[in-house]
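The values are calculated or read from the model by the stated rules, or taken from the named source; none is laboratory data. Since the model is a prediction, treat every value here as computed from it, not as a measurement. We place every Cβ from the backbone using ideal geometry, glycine too, and count neighbours over all the protein chains shown. Each accessible area value is taken on the protein alone, full model and side chains, heavy atoms only, with ligands, DNA and RNA left out. Shrake-Rupley method; radii C 1.70, N 1.55, O 1.52, S 1.80 Å.
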Amino acid sequence: MKLTFLGTSAGQPTSRRNVTAQALLFDDGRMWLIDCGEATQHRVREAGLRAIRCDRILITHLHGDHCWGLPGMLMAIAIAGRTEPVQLAGPRGLARLLDGAFAPSATELPYDLQVHELDGEARGEPLPPLTTSPDSWRARPFSIRHRVPCVAWLCEEPPRPGRLRPERALALGLSDRRDFGRLQRGETVILPDGRVIRPDQVLDPPPASRRILVCGDTEDADAIIPHAQGVDLVVREATYPADQEEKARQWGHSTSAMTGTFAAALHARRLIITHFGGRHGDGPGPEQLRSEAAAACPGIPVEAAEDLGTFTIT
Ligand SMILES: [Zn+2]
């Protein structure tokens, strides 16, 4: 599983960075987008990703630099030939935003766009499972504080079975390979002599499910802390340097130090900061912001996102 940054600039693009979007890439080739700033379809193409494989688009908030690429991206998915449904979720207003683009241009999508608008406080209630891959990862929104309704998306892997140990199965008298498959799927097996073999007798304990937290713009995401302890990867903006907290809060944003402190409170395994420069001026470079964030979360690896930068989550 991989996370590719398609845009890492704040407010407006620069010559090197586009506005915000990320792609979560699953091992089976399916893709989710998290945010969809203007020209995300260009970055999807540059990254060599296949729009037709996009199952779900999760929007953090409706500021333009996080969602104004939606009409173009949805059309790119259509032109790529998709006919399976696409799930789109984000704060209330999403449907109106799209209608404003699609109605005057008489645009009809050739697939079922299932729009889920979040109303009121989001407390982690998972989105309905995807009809295209019902056993896929879950997406859970949590409200965080910004100037408009905004969420962080917690993406969670479903429980995985432990590895089957053939030597244990053979020692218990199992010889039919089809029984191995049943046990791997969590079913019990009854042997000809009447003994019942349970999966936990032949499987390793299930591996921990992976979790990725991608926050929208925010000055305060602390409400998530109890729900995402030990998360494998957290992505959060670090728009301002550590010494500009007052200015950051005035605009509903984070400093590098605020984001590092958040990662420490989560006991996250890894932090990636993003949302640099752009409309917020030249300011310090991402490397300075990275080192300031790292100083606030000792022991947690911290990286600064680059456009088309890809991170593997094992
Ligand atoms: Zn914003």
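Show the residue pairs meeting these rules: Cβ distance below 7 Å; 6+ apart or different chains; first residue within the stretch 246-261 and farther than 16 Å from Ile144 by Cα; second residue surrounded by fewer than 16 Cβ atoms within 10 Å (Cβ to Cβ).
Gly260/Ala295
Please determine, by comparing only the residues of the stretch 1-24 that are without any contact (Cβ under 8 Å) to a residue 60 or more places away in the chain and within 16 Å of the chain's Cα centre (by Cα), which one is farthest from Leu289 (Cα to Cα). Even if it seems obvious, please write down each step before you answer.
So the first thing to find is which residues in the stretch 1-24 are without any contact (Cβ under 8 Å) to a residue 60 or more places away in the chain, and the list is 15, 21, 23.
This time we only want the ones that are within 16 Å of the chain's Cα centre (by Cα), so: 21, 23.
Values: Ala21: 20, Ala23: 23 Å.
Going through the qualifying residues, I end up with Ala23.
Among (1) polar (S, T, N, Q); (2) open to solvent by 60 Å² or more (accessible area, probe 1.4 Å); (3) under 17 Å from Met31 (Cα atoms), there is one condition Gln114 misses while meeting the rest; what is its number?
Failing condition for Gln114: (2).
For the stretch 69-90, which residues satisfy the criterion of being open to solvent by 40 Å² or more (accessible area, probe 1.4 Å) and in contact (Cβ under 8 Å) with a residue 40 or more places away in the chain? Working first, answer last.
Taking the stretch 69-90 and keeping what is open to solvent by 40 Å² or more (accessible area, probe 1.4 Å), we get 75, 79-81, 83-84.
Listed by number, the list holds a single entry, Glu84.
If the requirement is being part of a loop (DSSP other than H, G, I, E, B), within 16 Å of the ligand (Cβ to nearest atom) and open to solvent by less than 70 Å² (accessible area, probe 1.4 Å), which of these qualifies: Val214, Val148?
Details: Val214 fails: part of a loop (DSSP other than H, G, I, E, B).
Answer to the check: Val148.
Kindly indicate which of Glu125, Glu156, Glu108 is within 22 Å of the chain's Cα centre (by Cα), open to solvent by 50 Å² or more (accessible area, probe 1.4 Å), in the same structural domain as Gly252 (by TED's automatic domain parsing) and acidic (Asp, Glu). Break it down stepwise before answering.
Working: Glu156 fails: open to solvent by 50 Å² or more (accessible area, probe 1.4 Å); Glu108 fails: within 22 Å of the chain's Cα centre (by Cα).
Only one candidate passes the filter, namely Glu125.
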